[in-house]
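Data block below; observations after.
Computed from the coordinates by the stated procedures, all read-outs in this text should not be read as laboratory data. This one's a predicted model, so the numbers in the text were calculated from it and none came from an experiment. All Cβ positions, even for glycine, are placed from backbone atoms using ideal geometry, and neighbour counts span all protein chains on display.
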Amino acid sequence: LMESKDQMDGAFLQIAAQLAREPNRALALSLMEKLIETRPKDADALFAYAHLAMRQAQFEIALPALDKALALRSDWPEAILLKSQILALKDGRDKALAYLEGLVSGDQSDNLEVGLRYARMLAEARQMEKAYEQFAKLAKRAPDHVDINYFTGILALQLKKTKEASKYFDRLVKIGRRNIEAHYYLGQVAELNKDDQEAIDHYSSVKRGTFYFEAQIRVVALLADGGRYQAAKDHLHSIRVVNHKESVRLQLLEGDLLREQKKYREAQEFYTAVLDKTPTETSIRYARALVAEKLGDLEMVERDLQDILKVEPNNAQVLNALGYTLADRTTRYKEALKYIETAFKLEPDDAAVVDSLGWVHYRLGNLQQAVDHLRRANEMAKDPEIAAHLGEVLWVMGKKNAALEVWETSLKENPKHEALLKVMKRFGL
């Protein structure tokens with residue numbers, strides 16, 4: 001029986017796949033080479049041969065075979081994509097990008113698959129502007145192509161091109177494909193545009209799928225940001241969870257809602273009730289320590305943080321919190337220094353830790369060391385609490401103009417920040 005051309009084309013790829021499992025790789029390649037000798041002008045046979053050679057990292061064999069295949073069939077997307085893959089493996093991504101760029105700006109300008117491969121490779125290379133331009137060109141040519149609209153919208157969003165991002169995600173909603181993800185990203189666009197209610201509406205439309213949980217978390221956060229705490233709590237209680245990790249995130253978020261309302265006692269009671277059921281949940285214990293500090297319950301703060309350190313002795317955040325609390329709220333400065341120095345060894349570039357190190361040296365009377373650390377912390381993170389600390393040390397050192405400059409600069413960005421206003425009031429300002 002005579003086989004059809006399609007059967008033979010498929011047969012070569014099947015043979016290549018079988019030979020790829022042959023332990024003797026040289027033998028496998030030799031057998032494939034003998035097979036294609038009978039069909040030297042068969043593009044599919046050459047393609048299969050190149051594919052097998054690529055899997056063996058025999059790029060010097062694969063590329064000439066592919067070039068012969070493409071000479072026979074120049075507009076073959078699969079062969080072009082395979083060549084770009086081999087070039088990336090052999091000579092690096094830049095070589096593959098140059099090859100694809102030449103094609104999309106030349107005789108393959110209408111080849112959608114090749115254009116899409118080029119655009120994706122640009123994105124992988126973090127050439128975001130160029131990738132976006134390429135995706136946008138493809139979207140004009142294929143306005144109903146789901147993946148092209150989706151990736152163009154994501155790139156536009158990453159580049160903060162909110163108007164363009166909206167256009168592509170709205171198109172997906174109209175098409176009715178990937179519309180759940182589209183609503184999630186339209187929520188992000190609305191947040192960037194400071195339209196909280198529109199963001200809430202979009203996030204609320206994400207009723208299932210990968211983005212469901214994150215979308216609903218954003219609804220809670222946005223409602224809380226708008227002072228709608230009861231609505232935030234009600235929405236939080238409506239969220240479906242699928243694992244323990246999500247449950248804990250919701251518990252932490254519910255506690256955060258109480259803390260934002262300065263309901264510290266209620267938050268403490270809430271965390272305690274959670275810990276009665278899950279006593280090993282360190283993130284909840286840490287959150288309780290934070291509200292205990294607000295309530296002045298230093299015994300609970302120290303007990304909770306020490307309990308965490310028993311199981312996580314190298315937790316820099318907890319070491320720092322304990323050290324800072326002791327430095328700020330007690331006279332146990334040397335003990336505080338030990339905890340903070342341990343945290344600093346673990347996280348030397350954490351602004352909060354560097355701030356604590358400066359603050360404990362201030363408490364110990366080491367003013368120059370204090371100001372050096374606090375200046376560094378203030379450069380690392382423009383945090384008003386760090387500015388409050390730095391200003392206080394400068395003021396005590398007699399550098400009042402420098403202190404005022406630090407405070408006033410931070411006040412422009414944080415006009416109602418409690419720590420800044422409190423320290424300035426304390427010094428009669």
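At q = 0.11 Å⁻¹, what is the base-10 log of I(q)/I(0) for the chain according to the Debye formula with one equal point scatterer per Cα and no solvent? Please give it to two decimals.
Per q value, in the given order, log10 I(q)/I(0) is -1.00.
Mind checking the dipole of the range 283-429: about its Cα centre, +1 per Lys or Arg Cβ, -1 per Asp or Glu Cβ, Debye to the nearest 20?
In total the dipole reaches around 420 debye.
Report the convex hull volume per residue for the range 234-310, counting only C-alpha atoms, in Å³.
81
Let me know the shape class of the range 301-378, please: from the alpha-carbon gyration tensor, a ≥ b ≥ c as square roots of the eigenvalues, rounded when a/c is under 1.5, otherwise prolate if a/b is greater than b/c, or oblate.
oblate
To one decimal place, what Kirkwood hydrodynamic radius in Å is obtained for the range 221-371 from all pairs of distinct Cα atoms?
In the range 221-371 this quantity evaluates to 16.6 Å.
So what is the relative contact order for the range 66-207, in percent, with contacts set as C-alpha pairs under 8 Å and at least six apart?
12
Please compute one quarter of the surface area of the Cα convex hull for the range 178-276 and express it in square nanometres.
In nm², the orientation-averaged hull projection of the range 178-276 is 6.3.
So what is the relative contact order of the chain, in percent, for Cα pairs below 8 Å that sit 6 or more residues apart?
Across the chain, relative contact order equals 4 percent.
Indicate the gyration tensor shape class of the range 215-257 (rounded, prolate or oblate), computed on the Cα atoms with a ≥ b ≥ c the square roots of the eigenvalues: a/c under 1.5 is rounded; otherwise a/b larger than b/c is prolate and the rest oblate.
prolate
Which one, 404, 250, 273, is farthest towards the positive end of the dipole of the chain when Lys and Arg carry +1 and Asp and Glu -1 on their Cβ?
Of 404, 250, 273, it is 404.
Rounded to the nearest 500, what is the 222 nm mean residue ellipticity of the chain from helices alone, with -39500 (n - 2.57) per DSSP H run of 4+ residues and division by all residues?
Result for the chain, helices only: -24500 deg cm²/dmol.
Towards the positive end of the charge dipole of the chain, with charges on Cβ (+1 Lys, Arg; -1 Asp, Glu), say which of 96, 330, 361 has the farthest Cα.
In the chain, that residue is 330.
Could you size up the charge dipole of the range 68-153 around its Cα centre, putting +1 on the beta carbon of Lys and Arg and -1 on that of Asp and Glu, and report it in debye to the nearest 20?
220
Tell me the relative contact order for the range 137-269 as a rounded percent, counting alpha carbon contacts under 8 Å between residues six or more apart.
Taking the mean separation of contacting Cα pairs over the length of the range 137-269, I get 13 percent.
For the pair residue 91 and residue 396, how long in nm is the line joining their label points, each one 7 Å along Cα→Cβ?
Result for the modelled spin labels: 6.4 nm.
For a test of the definition: using alpha carbon positions, the gyration tensor, and the 1.5 limit on a/c, classify the range 83-232 as rounded, prolate or oblate.
prolate
Identify which of 396, 354, 220 has the largest mean-square fluctuation in a Gaussian network model of the chain, with springs joining Cα atoms closer than 10 Å.
396
Choose one of 428, 79, 287: the residue whose Cα lies farthest towards the positive end of the charge dipole of the chain (beta-carbon charges +1 Lys, Arg; -1 Asp, Glu; about the Cα centre).
Result: 428.
Please find the FRET efficiency linking residue 273 to residue 140, where r is the Cβ-Cβ separation and R0 is fixed at 56 Å, and quote it to the nearest 0.05.
Working from the Cβ atoms, E equals 0.50.
If you put +1 on each Lys and Arg Cβ and -1 on each Asp and Glu Cβ, how big is the dipole of the chain around its Cα centre, in Debye rounded to 20?
Computed about the Cα centre, the dipole is about 460 debye.
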